[in-house]
Structures are given as C-alpha cells and as structure tokens.
Amino acid sequence: MGEGDSAAGAGKLLAGAAALVVAIPMIIMLAFTGSGSDCVVPSATPGAAALAPGSRVQPMKQGTYQLTSPFGPRGGTMHQGQDYGSQDGQPIYAAADGTVNKSGPAGGFGQWIVLDHNIGGKVYSTVYGHMFPDDLLVKVGDKVTAGQHISNVGWNGEVDPTGPGGAHLHFEVWDGGRFGGTAIDPMPWLAGAVEPGQPALPAGAPAAPDVVSVADWDKIAQHESGGNWAINTGNGFFGGLQFTEQTWNGFGGGKYAPTADKATKEQQMEVANSVLAGQGWDAWPTTSVQAAVRDKKPAPAGTFATAGQPAAPAAPPNNQAPAPVAVAAPDTSGGDLNKPMDPAKGSEEHWQTDTIRLARAVALKFPQVQTIGGWRPVDAYPDHPSGRAADIMIPNYETAEGKSLGDAINKYILDNKDFFAVEYTIWRQQYTPATGEGNQMDDRGSPTQNHFDHVHVTTIGHGFPAPGTDFGKAPAGGSAGSSSGDQCTPEGTRGGEDNLGAGTVPAEFEPWYRKAGTLCPQISSSFLASQGHQESGFNPRATSPDGAMGPGQFMPGTWPTYGKDDDGNGKVDPYDIGDGVMAQGRYMCAIATTIDGWIADGSVSDDTPGGREALYLAAYNAGEGAVQRNRGFPTDGADYITQTRPYADIILANKPKYEAQLAAPATSSTSTPAAPTPTR
C-alpha cells in the first residue's frame, strides 16, 4: 500500500497529472510514489568526509553559479523553486541523504530528478530540473548521500533564453514530499548547508562564539541528567541529553547505538546537534534556558563525532520499516509475578509494590512490549517520583497494530483495576480513573505528551516491597485484539467467511484467498478476491510505477508490518502469492478493526454506499486518516471522488462474481483444497 493519510502509512491513492513546466513552472502532481530498491550508489564526491545524518549540502559549488530567479510569484504564475544560472555541464549535488523517486522525462523540465528525504522524522523532497538524459547519474530507487554528484546542469526543456545561454539548475524543496506536500522557499531550508565535498570538522574542533560547543552540551546535560551520559531513566528517555528512542533514531543515532545511553558522549552531542538543526532549542525548552545557550546555532556536521569513530552495535537502518508487532495468544493460566521483570525491559528500582506487580503482569501478558519505565526523580506531578506510576511504551504506536496493542493493555489493566490497585490510566489523551468519569485531555503537542506512544498507569502504591513480598499471579487474559498482526496466523481461523466460488480465481490463488478470508469476521474470501483483481489482476509480479508490489500492491514501507513467510519457502516476499494474499488479509483486518472502533465511538459514520466495507476499502486505498478526518467516506479531495469512490464501488460490485453459489455443495470449504502445506 502507498503512504496515505494514515499514521501507519496506509493507503495508496494513485493519481498523477503533471502540468507543463516552463522554466519557472508550477507542476501539479497528485500521486505519491515510493521506492523499494535497496540499490546503494557510492558517494560520488571525492574526498568528502561522511556527514552526520540530517546534514544539508548546497546543490552546486560556490563559484559555479549565480542565483537568478528566486522562489515566489513571477509573470502571473508561481515559481516554485530557486534558479542557479550556470554553464552547461557543471555538477549538481544531492542536497541531503535520500532515495531517488524520479529520474527521467518531465515535460517543461526536459529531465528531472526528485529525491525523497527523511530529515529528523520529517519528509521532504528536493527537485532538480533541466538536465539532459545522458547527465542523469542516478535511477529510481537508488539511495544517495548528501553531497553526491547526481547530475549536471543543462538547458533541456523550456528555458529562457533557449540554448546553452539558458543553462541553469531549477531547484525546489517540498515540505511533506513532492507528491502531496507544499513547495517552500529553498534558500531558508539551505541555511547552514555545507559546500559539496567539504570535509567534516574534527570532533571537538573549536566552535565560533555563536555556535553550540562541547561545553554547551555539557551544561545542558548537567540539567537534563546530572551529567550522566550513560543513564537510562526508565521512563523512555536515554543518555545525557535525554533522547527518546524515536528522536534518537529519527536523527540518525542508530548508526552509533540503539539508544543514546549506549553511545559515547561525543556521539550523543553529534545527534543533538542534528536535532538542534531540525527542531531548534525547543527540543530542550527548559534546560536550554537554564544553560543560557538559546542564542547558539548548530555547529557544522561532524563537529562532535565523525563516522570514523568506533560505533556501538547499530540499530536497524533508518530506512527499514519498524518490525511488526508480534502478538502473543491470550494467556488464561495466570502467571507467577514473583519473578522480577526482565531488566532489558526496564528497572523496578524506586517502584512501589503495586507498580511492580502491574509492570510484571504487563510484561508477562504482552511480551511484545519491550520497554516499561516511569520512575524519574523530578516531575511536575508526584506520581513518577513517588514510584507509583509506570509508562508502558507501545512499539509501532502509530500503526493499527500499535493502537490495538495499547487498547488491549489499557483494557486488561482496567478490567483488573482492583488487583492492580489502579488509580487511573492515560492512553491516547483519554484519562480514565478507576472510579468516576474520565475525560479527553487537551492536546499537549507531541505523541509522548499526548500518551500516544505509551500507556500511563498510576497505582495506589502501597509502599515499597518488603523482602519476601508475595506479588501473586497475573490475572487471566491479555492479548492485543483482533487487529494485531500475529493473530492472523495462517493455521487458524478467526471467524471470517470462506465463501469463494470454486474456479473464480486462478488456481494458484484459490487456497490462499480461502485461508485469508477466515482471518477476521469483517473480511471474506470473495471480498479479498475482488479486491485482489482490482489491485493487480491476479498478477503476482505486478509492480506499479509508484513501487507497489505483488498481488496486494504493498508499498515497501507497509509490507514489513504485514508480510510473513506464509508459504514456508524461507522468504517473506510480497511477490509470493501466499505471502502477498495473507498480508492483504491481515492489513484489511487491521483496518476493519480500526474503522469499527471509530464507528462504535461515533467518530465515523458508515452511512455511505457500501457501508463499512466501503470504508475499509477507502482506508486501504487512501489511508485510514482520510476516513477519520472525513468522519466517513473521504470526500474532501477530488481524487477521493474520482479514484477512491470508484475503487470501492467496483470491488463491491464485483464481489458477487467471486462468491460461492449456496446451491452447489461442491463449492463448500470442506470440499476445496486446503492451503499448501509449508515446506520447512
């Protein structure tokens, strides 16, 4: 699936219309494209030292260009970029690390290159125009590095004057991505960008007075963590500058260590410098004031640590999608809570008895939870410092699985509130006391402050445990609900309907649609078959121009969450029929559970042609966020009307073609072949 409105990356609205580009054009395209290629193109800037993640580089070298037409209105149109007047053949460089989204013909641009970037967790695209075909040095799907030579200046397309005298680079920056975002003035975005080929400064090099220094970061660390660069505070914050895991990896810290506390002081400073460049001092709103450093600007990339330093074991690459949430089956046999929680998940030190009991039970019942923290010495409220509060961090919280996991944990805790001596919980801005009415909290800004990435629980406490305290056994229950990835195992059924008519799909697809149709009660085999025909025409090798893969047309960023080795051939491959169809079923089940929840709480209406099934399909096509934002079938964009609505209508209209005829017993599920037995 493509990356639509859903935080989970759901949806794949496919549209595209490029307006003619005239040297200073407005190009309007509505398709979101992605790339799944793992091709890596070597850095092409000789002698350039590796830059820190998030670094920005000027697209041309000083002395090879003159800035000409700027961003803004011109001649009755909007010039959406900055022109670099130059000579034919001068090198053009990638402005940041990224992936090649487009490389080829582009109307009035002649040829263009579009690079997609993830800088500090934000999506940008940079656009380079007017090159000639022979000068395109990268292809779609290639990974590029900041400062890499990607093309040469040309005068292709519609330029003024025509011919070599019109040679220039047209350079654009799009906040939110070229296909769906907004063009912004490139010059402020490039502020502080280094020259192509400029080496990184030696670690610890002296900084100018107005540039942040080692001493400045040391002062902030004193306020943040008492100067302890190896601290794990147990509440989701790590290291001397108190990074969350999300921020650490979002700004490139994964190249050094999985979390900040496992990286060196210099590496933490380097990542902090990238955070400062991306977010400003508001990333440390209080301690930057206390340290009197808010007038300091970011140092050049590589000032504090270089790529040549020994690195701690690295986390998965930042372009790798999060691992899917593995969901255990409900444990109804109870569990001994006298065994301490795995230290890798957090420390029980400073917790009162009820909090320890709660954390151990959650860790036991929901093994997919990797971090449970909560104690910190200072806080605006007494819950955490007193040891009465735990924060249960939800992996992949922005996905349907993550939400389902958090819902299940919150429900389990409240269902057993007396056993756990719960005072209240907070999950996704919803404050729920053990007794009385809850309320929706005000928006505090970030996922952590709004409790989207963790379930907060405050217990009564009942003091600190004495030696020999019996913590009892965990209450029965505990699972992540029907939308979670692993609950859709191919071996079991979850109440869905195998109503596929024999011979209505290619033989190699039939057993898999039958099996996928039983994954959840909302989705049937005929539904998935009709959707599969619309997606790929039952072509297992189908690949869209936008990078969607296989029979289910999964985008690379979505596939890892739902794909499994269902056919047992040792690969998790979107082009395998079994893997692709089962992943389609899992994804539809996750969407259905999310949509049903919104309908149940009144935030979404299913009063639309096709009812809930139409909403499920709209979410698959355009993103769950589009459904939620419109409180029903999406209508707030032309493409929802011209593409998403027909997509849902066609699939639902064709669904009867794939349904079994009830009068024909030969089509019953008991008389059809079972899914292939996996070969191990």
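Since every read-out is calculated from the coordinates, none of them should be taken as a lab result. None of the values given here were measured: they were computed from a predicted structure. Ideal geometry is used to build each Cβ from the backbone, glycine not excepted, and the neighbour counts take in all protein chains shown.
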Exercise for the section: Could you tell me whether the range 66-189 comes out rounded, prolate or oblate from its Cα gyration tensor? Rule is a ≥ b ≥ c as square roots of the eigenvalues, rounded for a/c under 1.5, then prolate if a/b exceeds b/c, otherwise oblate. Expected result: oblate
Exercise for the section: Place a +1 charge on the Cβ of each Lys and Arg in the range 343-459 and a -1 charge on the Cβ of each Asp and Glu, then give the dipole magnitude about the Cα centre in debye, rounded to the nearest 20. Expected result: 280 debye
Exercise for the section: Using only the Cα atoms of the range 343-459, build the gyration tensor, take square roots of its eigenvalues as a ≥ b ≥ c, and label the shape rounded, prolate or oblate: rounded if a/c is under 1.5, else prolate if a/b is larger than b/c, else oblate. Expected result: rounded
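Taking 0.36 nm per residue of sequence separation and subtracting the Cα-Cα distance, how much length would be gained by fully extending the chain between PHE464 and GLN290, in nm to one decimal? Before the final figure, lay out each step's value.
On the way: separation 174, 0.36 × 174 = 62.64 nm, distance 3.39 nm.
Going from the current span to full extension adds 59.2 nm.
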Fill in the blank from the handout: Over 18 Å (Cα to Cα) among LYS219/LYS255; LYS365/LYS515; LYS345/LYS365; LYS255/LYS564; LYS265/LYS297; LYS122/LYS219 -> LYS219/LYS255; LYS365/LYS515; LYS255/LYS564; LYS265/LYS297; LYS122/LYS219
Problem - Relative packing of peptides 347-354, 298-305, 276-283 - highest average C-beta neighbours within 10 Å first - result: 298-305, 347-354, 276-283
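Quick one: which of 160-171, 140-151, 101-112, 392-403 comes out on top by average Cβ neighbours within 10 Å, and what's the full order, highest first?
Values: 160-171: 17.3, 140-151: 22.8, 101-112: 20.8, 392-403: 25.7.
Descending packing order for the listed peptides: 392-403, 140-151, 101-112, 160-171.
Treat every Asp and Glu Cβ in the range 485-671 as -1 and every Lys and Arg Cβ as +1, leave all other atoms uncharged, and give the resulting dipole magnitude about the Cα centre to the nearest 20 debye.
Details: 13 positive and 24 negative charges, 36 e Å.
Using only the charged Cβ atoms, the result is roughly 180 debye.
Subtract the Cα-Cα distance of GLN87 and VAL211 from 0.36 nm times their separation in residues, and report this length gain in nm to one decimal.
Working: separation 124, 0.36 × 124 = 44.64 nm, distance 3.52 nm.
My answer for the length gained is 41.1 nm.
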